[in-house]
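Structure first, then comments.
Values in this text are rule-based calculations from the coordinates and carry no lab data. Keep in mind that what you see is a predicted model, and the values were worked out from it rather than measured. So basically every Cβ, Gly included, is an ideal-geometry build from the backbone, and we count neighbours across all protein chains shown.
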């Protein structure tokens with residue numbers, strides 16, 4: 001039997017058909033999912049899409065910032081308390097100074113008051129001696145002593161109260177009588193001083209004994 005033609009046809013068939021490689025199922029990738037993945041990657045890498053950066057603060061830095069705020073609050077509270085304390089000290093110092101000045105004024109007023117009456121007696125004696133015709137040499141000595149007393153009192157702060165021409169003040173003046181006046185501007189005004197008044201600060205040593213004007217409108 002002759003079989004060569006069949007073998008030849010088989011070889012020809014092998015030469016005519018190319019070799020087909022088998023593909024493992026694991027290496028096959030579906031087209032549709034591939035397209036979706038490419039689109040997602042393009043969207044993520046797009047320059048127009050906003051980027052969100054998440055920065056976590058250091059816990060130690062957060063704790064330090066909290067301590068700084070607490071210390072700042074405490075410092076402000078201490079500063080306010082210190083200022084209030086200084087204000088209280090200043091107010092107390094001023095109050096003590098005023099009290100010291102008032103106390104000193106009262107003390108000087110008491111000294112002047114205790115010596116003022118003897119001075120007045122000295123003046124009365126001098127006036128009486130003048131009326132009696134005593135020699136001027138003796139009177140000059142008494143006058144000099146009286147002047148020295150007044151200078152010492154003035155050095156302590158004593159001064160005369162307002163006299164003639166001043167408005168009548170019952171706290172400073174003792175009205176002896178009223179004098180009728182024609183000018184309404186002289187109503188309740190000191191017209192004449194009978195004896196001078198003195199004061200030391202707010203303390204009245206002696207009121208001035210005065211005559212004050214009194215105006216009455218004419219009846220129509």
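Annotations
- For a label point 7 Å along the Cα-to-beta-carbon line of residue 106, residues of the stretch 196-216 with backbone N under 18 Å: 200-205
- In nm, spacing of pseudo-spin labels at residue 171 and residue 76 (7 Å Cα→C-beta vector): 4.8 nm
- Pairs of Cα atoms in the stretch 159-220 fall into 10 Å distance bins, from 0 up to the last occupied one, in shares of 26, 47, 20, 6, 1 percent.
- Distance (nanometres) between label positions extended 7 Å along Cα→Cβ at residue 196 and residue 145: 1.9 nm
- Model label zone, residue 178; criterion: amide N under 13 Å from point 7 Å along Cα-to-beta-carbon; scope the stretch 190-217: 212-217
- Residue ranges 122-129, 83-90 sort as 122-129, 83-90 when ordered by packing (mean number of other C-beta atoms within 10 Å per residue, highest first).
- For the stretch 77-184, the Cα-based Rg and Dmax, in that order, read 23.8, 83 Å.
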